[in-house]
1. With 29 Å as the limit, write out which pairs from Lys217/Lys295; Lys97/Lys150; Lys155/Lys460; Lys97/Lys217; Lys323/Lys460; Lys150/Lys217 have Cα-Cα distances beyond it, or answer none.
2. Using a 1.4 Å probe on the protein chains only, how many percent of the accessible area of the chain belongs to carbon and sulfur?
3. For the charge dipole of the chain, defined by +1 on Lys and Arg C-beta atoms and -1 on Asp and Glu C-beta atoms about the Cα centroid, which residue among Phe15, Gly43, Ser506 has the Cα displaced farthest towards the positive pole?
4. Once you have the Kirkwood Rh of region 1-123 from its Cα pairs, apply Stokes-Einstein at 25 °C and 0.890 mPa s and quote D in µm²/s.
5. Tell me the Kirkwood hydrodynamic radius of region 236-324 in angstroms, computed as one over the mean inverse distance between distinct C-alpha pairs.
6. Could I get the Rg over Rh figure for the chain? Both from C-alpha atoms, Rh via Kirkwood, rounded to two places.
7. Restricting things to alpha carbons, find the Rg to Rh ratio for region 31-72 using the Kirkwood radius for Rh.
8. For a label point 7 Å from the Cα of Glu260 along Cα→C-beta, name the residues of region 272-294 whose backbone N is under 15 Å from it.
Amino acid sequence: MAAEHVDVIVIGSGFGGSVSACRLAEGGLRVVLLERGRAYPPGSFPRTQHEMTQSFWDPSNDRFGMFNVWSFKGIEALVSSGLGGGSLIYANVLLRKPPEWFVDLEDYAGIEERWPIRYEDLAPHYDRAEAMLGVQQFPFDVAPYSAARKTRALKEAAERLGLDWELPNLAVTFGNEGEVPVPGEPIREDFPNMHGRTRTTCHLCGECDIGCNTGSKNTLDYNYLSAAQRAGADIRTLSEVLTFEPRPGGGFTVRYVRHEPAEGGGPSRQQPVEITADRLVLSAGTLGSTFLLLKNRAAFPNLSDRLGNRFCGNGDLLSFAMKCSEEDESGRRSRDLGPTYGPVITSTVRVPDTQNGGDGRGFYIQDAGFPAFVTWLVEATNVGGTVRRMLRFVGRRVRAKLSRDPRTDIGTELAQALGSCDLSTSSLPLLGMGRDVPDGQLYLDDDDNIACTWSLDSSKPYFERVRSTMADIAEALGGTFVPNPTYRINRVVTVHPLGGCPMGSSPEYGVVDPFGEVYGHPGLYVADGSVMPGPTGPNPSLTIAALADRTADRILAHAS
């Protein structure tokens, strides 16, 4: 029986795949999008501890959740598996890569960084992506949003330190167009979303990174993927690609398995499927697309030897400003930063590099909130204080009983037992990202698993600058700087892995050309974070979307 044939197969539904599928379907091409993970309509994201145990991606152990965690030498990487890719768990920030960071040739410690495109090449695609993603800024000057103390705190710290502070564009709906933002109002959409569910405006709950159960985040399933489906794209979830190869006479054959999780647990089943297409777009993410090309390299003998090069973590670094305080008439007191209020990230500062009058490679630092339940976990770390308060409470109740004059109204006593909760309310995570050195190498180990060589060494001056500025911010907030403990053992954690299939002006410098087409293999494209020849600097999602939009223009031009 002949395999199904379409015009384009898109592998992955993150910012590259969703944009590609939407643009190509709207351009009249027959598109099949293959996503290995599940769909997540409003209300389906995990919240209990038991649910979280089932929320990791590992099909070999019948786990089909959205968190995919990788541990490499020197670096950990967290990515997403699900319809909408990284948009399901990212912090919504949509910043453009600064024009001066599209470097033509920059040598840092013997490592070259070359971008074969310029800001002007992406400007119209940035515009198009921002419009589609419905960007809004955190309405800091509108009640109740003005109660966001962490936003105000970072702004004040930036002003004291002379740093540039701004409210970045966010993929969050705070209010319907033309109306004053109000939390929890129904979002008006021009077309029904693919889930057929009502969404509501941001509830300010700080749960963005574990999945937005109210649909307030403008994740890709509510815009690009819904539009792709309306335009006729066939979107298939739980469909994991294993192999692909060129077809005699042109086009590609793709083989994937359809995961069929068992109801109520138990072993899952896998249904093998084969499909062919004239064009193939890899958008499985930095680790996914690079892995697929490495695994299927024998079928593509002309691939550039740059495959796997230019890996980096976009300079990601998490640290903490703890126990912040401030002066008032009564003296110094704990500062309530309200870290659970609002979306995870509301504002950012940018620290310039040598091109902008700075000293070294530039970066961004952003405030980071967290869900309210995390405060209980934070307070539980202060075991000694909790035990002492509970013992005092029990002692008071015992004395009251023995005196035969117990108080029946014990609200204040219970409040004292809980404590002031200063540790959680006066502490704030700080997220750093920027221009680390893209000198990592992705490859397959002896068991055909994706592996990585990456070291903190070449980027150490960059990370030390980030740490120093974070320490200055913590001090400006009257707090204590607490670095990420993994940094002490020369490890970092990234949520923005980039590179592996870098773009370049020729096969000598890149795997794909400046439009995302793989050198030596017409019709094979890569559209995701793996094409970055270096760090974007700010959060990379918008740049990935803009590059994918540009690639889609090129595919449509060749298809006409």
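The values are calculated or read from the model by the stated rules, or taken from the named source; none is laboratory data. Just so you know, these numbers come straight off a predicted model, no measurement behind them. All Cβ positions, glycine included, derive from the backbone under ideal geometry; neighbour counts span all protein chains shown. For accessibility, only protein heavy atoms count, side chains too; no ligands or nucleic acids. Shrake-Rupley method; radii C 1.70, N 1.55, O 1.52, S 1.80 Å.
1. Result: Lys217/Lys295 exceed 29 Å.
2. 52
3. Gly43
4. 137
5. Taking every pair of different Cα atoms in region 236-324, averaging 1/r and inverting gives 16.3 Å.
6. Across the chain, the Cα-based Rg/Rh ratio is 1.00.
7. Rg/Rh: 1.02.
8. Answer for region 272-294: 272-274.
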